[in-house]
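The values are calculated or read from the model by the stated rules, or taken from the named source; none is laboratory data. Given the structure is predicted, the values throughout are model-derived calculations rather than measurements. In this analysis, Cβ positions are derived from the backbone assuming ideal geometry, glycine residues included, and neighbour counts consider all displayed protein chains. Only protein heavy atoms, including side chains, enter the accessible area calculation; ligands, DNA and RNA are left aside. Shrake-Rupley method; radii C 1.70, N 1.55, O 1.52, S 1.80 Å.
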Amino acid sequence: MPTLSRSLTSLSKNREAVEEHRDTKALLSLLDAADRLPSATRLRARSYELLSLVPGSTVVDVGCGAGRAVAELAERGVRAVGVDPDPWMLSAARERWSAAEFREAGAEDLPFADRSVHGYRADKVLHILPEPGRALAEARRVLRPGGRIVLVGQDWDAFMIDSEDAALTRTIVHARADLLGAPRAARQYRNLLLDGGFDDVTVEVHTTVFPDPAMLSLLTRLADPACTSGAVSRDQADQWLAEQRRRAEAGRLLIAIPFFVAAASAPAQAQDLSDGSRHRPRTRQHCHPNGST
């Protein structure tokens, strides 16, 4: 019986690994579709600009996923290192960008010495963390004095999806958001950076519209967890997804998501990293023609 028990445990673990791999592949396909959009390309370029890096600088891309940003940063003449806790994602990244550098690690425990990097970038990362402040404390640790940090991410409570049933849509969006560690982290970027002891904090908001049928998989990733959590029934989720598929087939799909882009600098003078809660940095706001601040 012990042998049977071990066999069943091994089989269960193998199945979990296969399911995790499938989920990662599905997520990768969704991210690829989103990354190819011109608006996503512009958003990445803006994040690189805000890093203010010069050739030869070292920048870490935290939660690098399949590594596109790491490769694009390297093309700009900097030493870019991608960090991600997901081995499947890192495998895809190394396959796609064989010349790039990747390391397996989480945002709260980066494989870098104190004050050793010039730039820190985290794109769509903080919302999955139960304590985003810990990640920013780690960012402060590894950044050199004056080093730049850029955060990019969507506010999961603020997804706008055209639908015949607005109430059901709100329920699905909010139920999915509530399953995340910090679904509203993006709107909190400014205060998180201030609390982390960073200087010169700026925040922009760029709204991206997704009319492409390829984004239907995103809607499935909203509705299915909302159903599993009990917020909506399976019939409600299926009817909502069916409506969205009809919209996609008729060229009427519309998803709009606000992306927050926050940037700041590590204090120019090296300080005791334990006093970040007492440090109150300078702040400023930018006004942009598109209405972002």
Pairwise centroid distance, computed over Cα atoms, of region 34-60 with region 139-200, Å: 18 Å
Residue-span extension gain [residue 167 to residue 212] - 0.36 nm each, minus C-alpha spacing: 13.9 nm
Rounded percent of accessible protein surface that carbon and sulfur make up, region 39-171, 1.4 Å probe: 49 percent
Heavy-atom accessible surface of region 178-272: percent carbon and sulfur, 1.4 Å: 48 percent
Packing-based order for 159-166, 147-154, 210-217, using average beta carbon neighbours within 10 Å, highest first: 147-154, 210-217, 159-166
Chain lengthening between residue 238 and residue 101 when straightened (0.36 nm per residue, less Cα-Cα): 45.1 nm
Packing rank of 35-42, 77-84, where each peptide gets the mean count of other beta carbons within 10 Å, highest leading: 77-84, 35-42
Two-site FRET efficiency, residue 220 against residue 269, from Cβ-Cβ distance with R₀ of 45 Å, rounded to 0.05: 0.35
Distant-in-sequence amide H partners of residue 231 (H built 1.01 Å from N, under 5 Å): none
Accessible surface, per residue, of region 178-264 when the full set of protein chains is kept, probe 1.4 Å, Å²: 43 Å²
